[in-house]
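Read-outs throughout are calculated quantities, based only on the coordinates presented, and are distinct from any laboratory measurement. None of the values given here were measured: they were computed from a predicted structure. Cβ sites come from the backbone with ideal geometry, for glycine too, and all protein chains shown count toward neighbours.
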RNA sequence: GCCGCGGUGGCGGAAUUGGUAGACGCGUUGGACUUAAAAUCCAAUGAUAUUUUUUAUCGUGGGAGUUCGAUUCUCCCCCGCGGCACCA
């Protein structure tokens, strides 16, 4: 008999589906385990061989937990709204609904042939009205709590996608989807007040001790908390004043000028008093023309204009200082104005050098020798700072703040880099925002009973580029009567961004068919939180922040019971093409999983993907290595079929290896060390194979032969099930109980240890686990090679690490 | 520039409360089988030197240090990847 992977895999996939093996059931007697993948975005290209890597890992964990007696929830669905799906549809001249459905079909098929244990009865699609009804419902709750508001602030605008974008949608100042340079544009938009949750989003990261540190760091940086002081600077020539934000109040005696961002509202107000107004105006204009990218690109090349005729008063030194406008100060952060301290800030230093401004050193480092001609950004002791001189930075800040508070010229302030979430898109393919605009009542939320606000099926859904959504043109949909006053009113035509649906989908799986609630309290309590979440690291500062934000909001309004949605998160490393580049049609290096499954089988593909290297690391695809995985499985297949009826002659060495492997597999899977888990299965297989060939009988008993298949089963489910049945088992291997290893079989009686002389390995000797240092020393003295190294030498010291090494120091 | 991760044979990688570096796999080489090839099986495979079995020296990005002993710890430097980036 030979290993016919195609036949075996097809047979068991059907069998498992028919026998409802994967239906997750709430079972109060069992402990629950919720293992989740980031659901895919079904693009037109289908899956390439790298995509399933994370799914394979979660499937392995899911199957292990199943066998360990957990009630497992392992669902899957599709995140199908958004720009890529819409752009794909426009390009191929079909309705996005049609193309999305088609793409999902392809994806499902591809996932099925890989043998994943998803409970498809819980499948969700973000584009399904029964689903987005609740996405809209959450939006309404946010609106009611004042967390969704309209704004006309300038936002990022992609000229190609013709829509506004959130900061999270940008990559290096470009649209993350189409790579176009993003512009600033002022249009009416809906914004979610994520900044209200900034503090909690940051603080609760400390609770996520089962997340990777790298991801937590990314989120911390993205939130970007900084604690400082807002100081009020009076303007000498006017009653107006300027607020600046600084974290280094201790350097204020070194402040030699103020800088306002070009967008600062005060400039307009003071225009009459600015002597060089035309020059100022021109500079502001030139800044407006620059994109964000241009503004930040040459960050060593500072530009600015002095506002002549105006000066500010330093509240501490009472000194008169000039005021500048310069685009190195951002309007979107802090107060949009800073106090410049060239001696202790790199940017101010560059600016001051260019415009010949005073550089006053007021903080000196602890060391005696320091160079007074360079910038010093660290802390230290103050000098030339009035009565604060000689104080340390930290102490000075406290005393100075007390002074400011007393004079009502300043207060503590915490700032975040995180901005509110620009939540509307001027596009068709998204959840309609459930709002009605009425001339007399203003903004009126759609009553909950009228949800979902269905996205109309239309012929023309091309983006308009006018800042209006294409929905604007569909009169029959737009024109409604106001829910409050019944007079004619219009629907909000902007749609939600791609990320909306994925903010809460993990909750819906718990109770996917519920038409009364988003999720029932009871089911939410049982399944929450997600125990293990696996997905791409690129979502660290997008989906993973958004979802945490929504979850916390849902917690606040009593919908969920946990503060954090995902208990453990691990990111999956990409699989690169054989040429080392990202798999892409552009490079022609895409490997299709369907072809690989046909040739080598799903089991081989699964084993290989896990064996490639550390799960979180980037790996390069290699089809020849995949064949190695195939050979490994074939070897197992041959062992179990060719030697099925052979007698047993137990061998303790092989048995020990088996029990060690059971333990290793258990531990490695939970730690995501799949590569070493597979390796240990290979070692065991080789050992078994060699023994059977040599002795023509089994070194392990039947239970142990079963156990071997059980520990292989999460990795290669089909072949394991087939061979399991071959051992006469009637029930599925995944309904069997995970084998227990025997502790007494984990340690070896005899071990080889290294013997070193002066730290250099000179020989290896066998010792018994019961041997004392004295016994080992005796063996060393009998060893011929070692005699050579020890003869005529004086032994100064002996170091014995039991079972490991013996080091002899000689003179 | 800042933050995070990493650098080990021809290749993917294994081994870190400091204790025999290179597990496992790929590839390569030699052999068996075959008319031949593929597949399969057996053996070898870090480098250098040496007369073969031998044995010695070197070897985990580079340099220093701690230690009986360093891939692992400390300091300095170089390179790669990812994230952030004029955030005051």
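If R₀ is 22 angstrom, what is the calculated FRET efficiency for the pair residue A:515 and residue A:562, using the beta carbon separation as r and rounding to 0.05?
With R0 = 22 Å, the Cβ-Cβ based efficiency is 0.40.
Compute the length gained on full extension between residue A:414 and residue A:384: take 0.36 nm times their separation in residues and subtract their Cα-Cα distance, giving the result in nm to one decimal.
Values: separation 30, 0.36 × 30 = 10.80 nm, distance 2.81 nm.
Taking 0.36 nm per residue and subtracting the Cα distance, the gain is 8.0 nm.
May I ask you to sort A:450, A:128 by Cβ crowding, counting other Cβ atoms within 10 Å and putting the fewest first? Provide the component values of the computation, followed by the final result.
Numbers: A:450 13, A:128 16.
Fewest-to-most ranking of A:450, A:128: A:450, A:128.
What is the Å³ per residue value for the convex hull set by the Cα atoms of segment A:236-286?
Convex hull volume per residue, Cα atoms: 113 Å³.
What FRET efficiency comes out for residue A:188 versus residue A:319 if R0 is 56 angstrom and r is the Cβ-Cβ distance? Round to the nearest 0.05.
Working: r = 44 Å, r/R0 = 0.79.
Efficiency for this residue pair is about 0.80.
Could you work out how far apart the two model spin labels at residue A:649 and residue A:617 are, taking each label as a point 7 Å from the Cα in the direction of the beta carbon, and quote it in nm?
4.2 nm
If you fit an axis through the alpha-carbon atoms of helix A:652-670 and take the longest principal axis of the Cα set of chain A, what angle between them do you get, 0 to 90°, nearest 10?
Long axis of A:652-670 versus the principal axis of chain A: about 20 degrees.
For segment A:653-811, just say rounded, prolate or oblate: build the C-alpha gyration tensor, square-root its eigenvalues into a ≥ b ≥ c, call rounded for a/c under 1.5, and beyond that prolate if a/b exceeds b/c, oblate if not.
prolate
Any chance you could run the full-extension gain for residue A:203 through residue A:693? It's 0.36 nm times the residue separation minus the Cα-Cα distance, nm to one decimal.
170.4 nm
Calculated FRET efficiency, residue A:20 and residue A:635, Cβ-Cβ r, R0 35 Å, to nearest 0.05?
Rounded to the nearest 0.05, the efficiency is 0.60.
Compute the acute angle (0 to 90°) between the alpha-carbon long axis of helix A:213-223 and the principal axis of greatest extent of the alpha-carbon atoms of chain A; round to the nearest 10°.
Approximately 10 degrees, to the nearest 10.
Give, as ranges by residue number, the residues of segment A:52-74 whose backbone N falls under 19 Å from the point 7 Å along Cα→Cβ of residue A:670.
A:57-73, by backbone N distance to the label point.
Where the centre of each part is set by its Cα atoms, how far does segment A:750-771 sit from segment A:306-323, in angstrom?
Centre-to-centre distance over Cα atoms comes out at 78 Å.
May I ask you to sort A:199, A:86 by Cβ crowding, counting other Cβ atoms within 10 Å and putting the fewest first?
If I rank by nearby Cβ atoms, fewest first, I get A:199, A:86.
Across 20 Å bins from 0, what is the distribution of all Cα-Cα pair distances for chain A, in whole percents?
Distribution as computed: 13, 34, 30, 19, 4, 0 percent.
How much of the DSSP bridge set in chain A is antiparallel, in percent, rounded to the nearest 5?
Bridges in chain A are about 75 percent antiparallel.
Testing the spin-label approximation: label points 7 Å from Cα along Cα→Cβ at residue A:353 and residue A:737. State their distance in nm.
With each label placed 7 Å out from Cα toward Cβ, I get 7.4 nm.
Can you compute the modelled spin-label distance between residue A:288 and residue A:794, with each label point 7 Å from Cα toward Cβ, in nm?
9.0 nm
Please give the contour-minus-distance gain from residue A:121 to residue A:239: 0.36 nm per residue of separation, less the Cα-Cα distance, rounded to one decimal in nm.
Additional length available on full extension: 35.6 nm.
Using the 2.2 N^0.38 Å rule of thumb for compact globular proteins, work out how segment A:696-744 stacks up: its C-alpha Rg over that value, please.
Relative to the rule-of-thumb radius for its length, segment A:696-744 sits at 1.13.
Against the longest alpha carbon principal axis of chain A, how many degrees, from 0 to 90 and to the nearest 10, is the axis of helix A:543-556 turned?
Rounded to the nearest ten degrees, it is 80.
Less than 13 Å from a label point 7 Å out along the Cα-to-Cβ axis of residue A:333: which backbone N atoms in segment A:208-226 qualify, by residue?
A:221-226
In segment A:45-62, whose amide N lies under 17 Å from the spot 7 Å out along Cα-to-Cβ of residue A:91? List them in ranges.
A:45-48
Just the number, please: percent antiparallel of the DSSP beta bridges in segment A:698-811, rounded to the nearest 5.
Bridges in segment A:698-811 that DSSP calls antiparallel: roughly 80 percent.
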